[in-house]
Amino acid sequence: MPTERLESGLTWRALLLVVLAALVFIPASTYLYLVAGVQLGLVGTYALLVIFAYIMRMMGLEMRPQEVFILYVGVGSVAGIASTAYFLIIYRMYFVQSPIAWSYTIMGVPLPEAVPDWLAPPLTSSAYMARTFFHPDLVKPIVAWTVMSTLSMLAELSLVVIAAHTFVEVQKLPFPYARVDASVVEVMSSRERFRRVVKYLLPGFYFGLVYGVILYFGPALGFPLIPLPFIDLTRLTSATLPGAVIGIATSLMPWVSGMVVPFGIAALGLATSLAVWVIGNTLVLIHPVLRQMFPEWAQEYYQGMDLIRVFQRSQVRVWLPIQIGAALGFAALVLVKYRRALSLTAKAIYASVRNGGSESIFPPLKLALACYLMSTLASVALFHYLMPHFPLIIPLIMSVAVSFLMGMASASIVGESGASFTAPGFLWHTIVYLTPVEGLTPQEAYSVFVYPPVIAGTATGGGTQTMKVALLTGTRPADVIKVWAIAFVIGNLINLLSLDMFWRIAPIPSSAYPNTVISMPATAMIDALLVTRGLRISPELLASSAAVVTALAAAVESVAKILKIGISSAGLMLGLFNPPMSAIPMFVGSAISKFLAPRFFREKWEAARSYVVAGVLLGEGLAATLAVISLMLIKSAWLWPW
């Protein structure tokens with residue numbers, strides 16, 4: 001598309017709405033994560049977009065498609081900004097005090113004493129009593145995480161620009177889902193089509209609001225009516241199915257989110273989840289051969305153990321090494337599956353560099369390449385400065401080379417098929433675990449696992465698709481980069497302030513935030529076992545896990561192709577990583593979407609589905625926000641609010 005046909009959408013009112021979205025979205029999403037372990041995510045983006053468009057129309061203001069698109073991108077960026085970086089500071093402070101960490105040593109030093117002061121203040125610091133980020137002893141941790149987050153953002157944006165030159169401009173891949181996003185923008189900027197959207201969104205909104213009030217106001221007022229974040233059925237089944245992880249999530253998020261998951265994938269995910277977390281856990285306890293393979297799980301389990309402990313211990317002792325190997329194998333299968341798209345990558349990049357992007361509609365390619373190298377090399381330099389005895393070649397390869405390959409692979413796959421692809425989980429930890437290193441200090445031995453250099457590429461596929469949508473909506477691609485950067489700065493600042501507010505209200509973890517009571521001890525256990533190399537992660541176990549999952553995934557893909565049924569190997573990974581308390585609601589939601597909802601909505605369900613889901617999540621999110629306000633008002637009257 002010629003540059004003169006592109007218009008700017010980054011106006012002051014679009015920017016103001018992005019800031020308002022951050023002020024509303026981030027605190028509610030952060031509270032949902034602390035309470036239930038979920039965030040509003042993409043569907044919440046649609047809901048806020050509808051609300052803002054509705055308010056603008058009530059004020060008699062019409063937004064151009066370019067403004068709607070920038071608002072869409074900005075709100076989506078705000079939704080995608082997780083509180084990981086600053087939440088990790090709170091987590092490290094919990095880790096330093098955790099009995100789990102004190103039960104492990106590294107090089108003869110108790111594990112909490114190996115945590116450097118740039119990750120968490122020493123135990124003697126008053127920051128542990130103050131419970132606020134605005135404490136002098138937390139300056140180093142905040143700077144450390146902010147710098148690495150900023151470098152990661154710069155690397156991701158650079159990869160998006162490089163991939164846009166390569167796959168949108170030179171290779172001209174179709175990006176099938178780009179037209180879906182463009183259609184959303186068209187709907188929001190069309191008065192007649194917008195009215196239909198509101199008609200579908202409001203019923204879901206009211207339902208989510210009513211249920212959310214019942215779910216979240218109980219804990220806020222001190223008498224929960226529905227357990228959060230799940231109903232524990234593990235103890236009831238422990239006599240017949242020892243070790244089985246059985247529960248049902250009580251937030252509407254996994255139920256309605258399942259409505260947008262294809263039924264075949266949801267069904268395979270549920271079957272895999274039950275096979276792993278119910279049947280697998282039980283067999284490891286009762287089968288003599290499997291008991292010998294995983295003796296720690298057999299020794300630690302006792303009848304009557306609750307869901308949280310069963311899930312934590314079985315994941316650490318049995319499934320974590322298998323999950324790592326399975327993720328590596330699945331990543332290899334995806335690369336093979338999309339080998340034709342990847343084979344054109346090098347040629348397209350070369351063509352883009354040779355052209356130089358002098359007449360390109362995208363930001364300059366050479367500038368993007370320079371920014372990518374600067375950000376990744378700066379992260380490697382920072383990593384080496386903090387951990388000088390770890391081999392420099394490993395972070396250099398992972399940050400510069402692997403990030404680039406993963407980003408290009410992701411963009412080419414999304415561009416050709418729309419399927420997403422990211423680096424396997426625990427990739428960095430596995431590389432470090434299998435790297436023999438001598439001469440590390442205890443502080444370096446701990447930090448090398450938990451403070452990696454920038455490993456970018458996870459957002460490249462989706463970001464490149466957004467660049468394609470910019471062209472379809474007639475928006476300048478440079479505006480997309482600008483709004484991403486603005487949303488990153490504003491979003492992280494609001495994230496910091498939101499977490500600080502919740503931390504002041506009650507300790508983290510505590511019963512005020514039920515998810516943290518589950519997730520933080522589990523993470524501490526995994527961290528302790530990884531750092532002290534207490535997990536049995538051997539190349540043989542990784543290779544066998546990768547081989548088995550690759551074979552199963554290939555079989556699933558072959559059956560789907562031969563029988564022409566709607567299943568995908570992604571369902572295997574879904575079930576392997578998600579216990580039944582998440583897989584069951586996802587399957588039920590998908591089944592409702594496929595079989596029940598079309599009977600009421602008839603042929604309109606496909607068009608209405610995303611808006612119904614968005615309305616439900618918006619209602620629940622609003623209820624959570626109101627519960628936060630009520631909790632603040634109630635707790636502010638007493639010095640010890642928890």
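The values are calculated or read from the model by the stated rules, or taken from the named source; none is laboratory data. Since the structure is predicted, the reported quantities are computational estimates derived from the model, not experimental observations. We place every Cβ from the backbone using ideal geometry, glycine too, and count neighbours over all the protein chains shown. Each accessible area value is taken on the protein alone, full model and side chains, heavy atoms only, with ligands, DNA and RNA left out. Shrake-Rupley method; radii C 1.70, N 1.55, O 1.52, S 1.80 Å.
Working ranking of peptides 115-124, 507-516 by packing, defined as the average number of other Cβ atoms within 10 Å per residue, highest first, is 507-516, 115-124.
Two decimals, Cα atoms only, Kirkwood Rh: what is Rg/Rh over the chain? The partial results should precede the final answer.
On the way: Rg = 24.5 Å, Rh = 26.0 Å.
Reported Rg/Rh, Kirkwood definition of Rh: 0.94.
Highest mean first, what order results for 203-209, 264-270 on Cβ atoms within 10 Å?
Going from most to least packed, we get 264-270, 203-209.
Ile537 sits among other residues whose Cβ lies under 15 Å from its own Cβ, and their net charge, with Lys and Arg +1 and Asp and Glu -1, is 0. Computed over all pairs of different Cα atoms, the Kirkwood value for the hydrodynamic radius of the range 481-558 is 17.0 Å. Dimensions of the range 508-607 based on its C-alpha atoms, expressed as ranges along the principal axes with the largest first, amount to 56, 43, 19 Å. Counting only heavy atoms of the protein chains and using a 1.4 Å probe, Trp605 has close to 10 Å² of accessible surface. Summarising the amide proton neighbourhood of Phe230: residues at separation of 5 or more, or on other chains, whose placed amide H is nearer than 5 Å comprise Thr250. Note on the range 90-119 and the range 437-515: Cα centroid distance 24 Å, given to the nearest whole angstrom.
Taking Phe217, Phe133, Phe601 and ordering them by how much accessible surface each has at a 1.4 Å probe, largest first, produces Phe601, Phe217, Phe133. Quick one: net charge of Gly280's neighbours, Cβ under 15 Å, K/R +1, D/E -1? Residues close to Gly280 contribute a combined charge of +3. Taking all protein chains as shown and a probe of 1.4 angstrom, Arg64 keeps an accessible surface of around 80 Å².
Near the amide H of Thr475, within less than 5 Å, lie the amide hydrogens of Glu7, all on another chain or at least 5 residues away, with H placed in the peptide plane. Packing, taken as the mean count of other beta carbons within 10 Å per residue, orders the peptides 368-378, 405-415 from highest to lowest as 405-415, 368-378.
Near Thr11, once Lys and Arg are set to +1 and Asp and Glu to -1 for all other residues with Cβ below 11 Å from its Cβ, the sum equals -1.
Averaging Cα coordinates gives a centre for the range 230-265 and one for the range 127-180; these two points are 33 Å apart. With the whole protein complex present, Ile584 retains an accessible surface near 50 Å², based on a 1.4 Å probe.
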